[in-house]
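Undergrad: One structure coming up, written as structure tokens, with questions to follow.
The values are calculated or read from the model by the stated rules, or taken from the named source; none is laboratory data. Note that the structure is predicted; figures quoted are calculated from it, not measured. Cβ coordinates were reconstructed from backbone atoms using ideal geometry, including for glycine residues, and neighbour counts include every protein chain displayed. Keep in mind that these areas ignore ligands, DNA and RNA; they rest on the heavy atoms of the full protein, side chains included. Shrake-Rupley method; radii C 1.70, N 1.55, O 1.52, S 1.80 Å.
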Amino acid sequence: QVQLVESGGGLVQAGGSLRLSCAASGSIFSINHMGWYRQAPGKQRDLVARITNSGVPNYVDSVKGRFTISRDYAKNTVYLQMNSLKPEDTAIYYCNAFLSTYSRRADDYWGQGTQVTVSS
């Protein structure tokens, strides 16, 4: 019924930039918030950035000033512009959305993940 598909990951050198995209599709009635999480090897999955249904962004301290989250409401798409990338940003990045379907079921949905690798 609903799927989230990420794209834009890749391999970059430290100081470089990447832009991640996540498109939600299916029987979506409404989307509350959308965000990005990441999971590095041997680590837990942590919140990176989230944007509310009113467009208010929130960031983990380690990415403030470097990452920007934005949302295209008409396309049910969320973006993460990542600048000044550091090796510690290396992780699998997962898109997340809290939404309701036309069947009135509200749940968290997750993308399959996209790999971001930053070399020294």
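Undergrad: What do you reckon, is GLY35 at pLDDT 95 or above and not in a strand (DSSP E or B)?
TA: Here the answer is no, as GLY35 does not meet what is asked.
Undergrad: Residue check: is LEU47 under 10 Å from the mean Cα position of the chain (by Cα), under 16 Å from THR90 (Cα atoms) and part of a strand (DSSP E or B)?
TA: Against the criterion (under 10 Å from the mean Cα position of the chain (by Cα), under 16 Å from THR90 (Cα atoms) and part of a strand (DSSP E or B)), LEU47 qualifies.
Undergrad: Just one of (1) open to solvent by 30 Å² or more (accessible area, probe 1.4 Å); (2) in contact with a Gly (Cβ under 8 Å, 6 or more places away or on another chain); (3) among the hydroxyl-bearing types (Ser, Thr, Tyr); (4) under 26 Å from GLN1 (Cβ atoms) trips up SER84, so point out which.
TA: Only one criterion in (1) open to solvent by 30 Å² or more (accessible area, probe 1.4 Å); (2) in contact with a Gly (Cβ under 8 Å, 6 or more places away or on another chain); (3) among the hydroxyl-bearing types (Ser, Thr, Tyr); (4) under 26 Å from GLN1 (Cβ atoms) is unmet by SER84, namely (4).
Undergrad: Right, next: Going by what's in this entry, would ASP72 be described as charged (D, E, K, R), closer than 18 Å to GLY9 by Cβ and either open to solvent by 40 Å² or more (accessible area, probe 1.4 Å) or at pLDDT below 95 (or both)?
TA: No; evaluated as a whole, the condition is false for this residue.
Undergrad: Pull out all pairs, ordered by first then second residue, where Cβ-Cβ is under 7 Å, the residues are six or more apart or on different chains, the first lies in the range 86-97 and is in contact (Cβ under 8 Å) with a residue 60 or more places away in the chain, and the second is assigned to a loop (DSSP other than H, G, I, E, B) and open to solvent by 30 Å² or more (accessible area, probe 1.4 Å).
TA: Here the result reads LYS86/ALA14; PRO87/ALA14; PRO87/SER120; TYR93/GLY9; TYR94/ARG45, each pair linking the range 86-97 to a residue that is assigned to a loop (DSSP other than H, G, I, E, B) and open to solvent by 30 Å² or more (accessible area, probe 1.4 Å).
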